[in-house]
Amino acid sequence: MAAAVSPRRTPIFDHDEAIMQDVIAPHPAVTYRSAVRAGWQILRQHFPAILGPVLLWGLAILGGFLVLGIAMGRNPANADLWRFPLYLWANVLMMGLFRLFGAVHAGQPWRWQQVFWGLPRADAWTLALIPAALSALLVALSGFPQPGAAPLTLGQIHWPDLIAILVLSYLVTTLFQYAFARYAHYEDSPKIAIRQALRIFGDRFVWLWFPLVLGLAVMLVLLTVLIITSLLFGLAMMALHGFLGADAAKAVFMMTVSLVILATMLPCIPILYGAIVVAAGALGPKGSPEPMTRP
């Protein structure tokens, strides 16, 4: 008698069950190393694709500085007031960059328009108001001269006050960077995003220092590149000094060094902002899955 053959059963995909398993499944803890590695992976694997959006973001920031320069030139008495809209503009654009890098890191669909993701959103402007106002106030209290004015001497700088202002500036910047990342990528409401970011002053205190460590590492890289570039091109310009002339050699040297610094800074942007996006995930509820961010 022929053996009975049971019909082949096709497994049925249960979307709700898959989501539940994803929530229950443990997620690896985020560390300084894993956050930096995530930023490096964004750079190494996706930099050619995201270079265009990053350049657009940079041009938008530069446009804000140009408008600020024009406004200060026409009405220098209100220079401190003009900084507020620039910081507000930069903060909203920063959210778009977090949105873009978060989607890239999570392997989700993304578009170049995501760098301007926060511009049409009222919540984004509202969230950006507080740090913009605080940053403008702290810069005004620092006593630094306006652009184009004579620089301060060491004797004119009030070091205790300046140190306090720098510390407050770092705390404000760090807090709201995490809040922006929570809002843009993890899709928290502005209120919840700030509440989660405030955990850097509580049970997530270790993440208060991450932007400082990351920034110092990037500054070290930039400084090393600047020193090497200045030495190499300085020697080259000395050799060409007689052929080009002093003014032309100086102009070529400054332009070359500026281009090298710009070319070095561009790859640092995915590392800096990508790492902050991943670090912000450590501030959320324990075991929370990666959000399904829509492009």
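Read the figures in this text as sums done on the coordinates, not as results from a lab. All values derive from a computational prediction rather than experimental measurement. Neighbour counts are summed over all protein chains in view; Cβ atoms, including those assigned to glycine, are modelled from backbone coordinates with ideal geometry.
Extending 7 Å from the Cα toward the beta-carbon at both LEU66 and ALA122 defines two label points whose distance is 3.2 nm. For the pair SER142 and LEU55, the difference between a 0.36 nm per residue extended length and the Cα-Cα distance amounts to 28.2 nm.
Given a Förster distance of 51 angstrom, what is the FRET efficiency for ALA29 paired with LEU81, based on the Cβ-Cβ distance and rounded to 0.05? Plugging the Cβ-Cβ distance into 1/(1 + (r/R0)^6) gives 0.70. Note on LEU162 and LEU259: with the Förster distance fixed at 51 Å, the Cβ-Cβ geometry gives a FRET efficiency of about 0.95.
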